Amino acid sequence: MEPLEIIRKYYKPGSVAHEFLIKHSEKVALKALDVARRVSALHDVKASPPDMDFIREASMLHDIGMFLTDAPQLGCYGDKPYITHGYLGRQLLEKEGLPRHALVAERHVGVGLTIEDISRQELPLPLKDMTPQTLEEKIISFADKFYSKGKELAKEKTVEEVRESIRRYGEAKLAVFDEWLRFFGY
Ligand SMILES: [Fe+2]
């Protein structure tokens with residue numbers, strides 16, 4: 001499976017949205033592969049090592065739903081709120097016959113959205129658990145937090161910068177991220 005071929009079905013090569021998506025996703029993929037190598041070095045994962053091919057593919061596809069959202073700064077002119085891009089990406093990737101990649105898209109937003117997050121903040125999402133469950137899902141969500149899709153697309157945030165951005169969503173979210181930091185050896 002070649003992620004770029006799937007992306008090309010929904011994003012015109014050379015368009016602003018295509019540029020943002022590819023550049024951001026490539027950064028996330030490199031970071032996620034790096035994190036996966038750290039996991040293998042730090043923990044006994046012989047029985048089930050992180051799936052490197054899957055991590056590369058799913059990192060490239062995790063934000064594919066963004067074109068359906070209203071995010072003109074990213075060249076996206078859909079009518080859905082940006083927060084739904086993960087959930088919409090899941091639907092799209094399921095239609096593409098990629099249910100495992102689809103779950104990465106649905107579960108990568110922030111450090112994951114709980115049913116309580118969705119209900120308390122009245123997010124425009126179905127009430128279901130959208131938190132990363134597998135090692136690969138956690139690695140990709142973690143890696144994604146180091147890159148924004150704004151002007152500073154290529155710049156990797158420091159751990160402290162990421163922690164500050166997550167703290168805005170509450171101490172419970174920061175605790176999840178801090179647990180990932182420990183597990184990934186940061
Ligand atoms: Fe992302």
Apply the Karplus parameterisation 6.51 cos²θ - 1.76 cosθ + 1.60, with θ equal to phi minus 60°, to every residue of region 180-186 and state each ³J(HN,Hα) to the nearest whole Hz, in sequence, with x for glycine and proline.
5, 4, 4, 5, 8, x, 9
Nonlocal amide H pairs with Asp70, under 5 Å, H built at 1.01 Å:
Gly78, Lys80, Tyr82
Pop a pseudo-label 7 angstrom from the Cα along the beta-carbon direction at both Lys9 and Glu116 and give the gap in nm to one decimal.
3.8 nm
Of all the accessible heavy-atom surface of the chain, with the other protein chains kept in place and a 1.4 Å probe, what percent is carbon and sulfur?
55 percent
Looking at the chain, I'd like the Rg to Rh ratio, where Rg is from alpha-carbon atoms and Rh is Kirkwood's inverse mean 1/r.
0.94
Roughly how far apart, in whole Å, are the Cα centres of region 33-91 and region 112-186?
12 Å
Region 126-136 - phi-based ³J(HN,Hα) in whole Hz, Karplus 6.51/-1.76/1.60, Gly and Pro as x
x, 7, 8, 5, 10, 9, x, 10, 7, 4, 5
Rounded, prolate or oblate: which fits region 76-183, taking a ≥ b ≥ c as square roots of the Cα gyration tensor eigenvalues, rounded meaning a/c under 1.5, else prolate when a/b beats b/c?
rounded
Please list, in order along region 114-119, the HN-Hα scalar couplings obtained from phi with the Karplus expression 6.51 cos²θ - 1.76 cosθ + 1.60 (θ = phi - 60°), rounded to whole Hz, x for Gly and Pro.
8, 4, 5, 4, 5, 6
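Set the bar at 20 Å for Cα to Cα. Now go through Lys95/Lys173; Lys23/Lys95; Lys151/Lys173; Lys31/Lys80; Lys80/Lys149 and name every pair that lies beyond it.
Values: Lys95/Lys173 31 Å; Lys23/Lys95 24 Å; Lys151/Lys173 25 Å; Lys31/Lys80 29 Å; Lys80/Lys149 18 Å.
Those over the limit are Lys95/Lys173; Lys23/Lys95; Lys151/Lys173; Lys31/Lys80.
Give me the extension gain from Lys95 to Val159: residue separation times 0.36 nm, minus the current Cα-Cα distance, reported in nm with one decimal. Mind dumping the intermediate values first?
Values: separation 64, 0.36 × 64 = 23.04 nm, distance 3.56 nm.
The span from Lys95 to Val159 would gain 19.5 nm if fully extended.
With every protein chain present, what is the per residue accessible area of region 41-154 (1.4 Å probe, Å²)? Please report the intermediate quantities before stating the final value.
On the way: 5320 Å² over 114 residues.
Accessible surface, normalised per residue, equals 47 Å².
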How much mean residue ellipticity at 222 nm does the chain get from its helices, if each DSSP H run of length 4 or more adds -39500 (n - 2.57) and you divide by all residues, to the nearest 500 deg cm²/dmol?
-17000 deg cm²/dmol
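The values are calculated or read from the model by the stated rules, or taken from the named source; none is laboratory data. Quick caveat: nothing in here was measured; it's all calculated off a predicted structure. We place every Cβ from the backbone using ideal geometry, glycine too, and count neighbours over all the protein chains shown. Heavy atoms of the whole protein, side chains included, go into the accessibility calculation; ligands, DNA and RNA do not. Shrake-Rupley method; radii C 1.70, N 1.55, O 1.52, S 1.80 Å.
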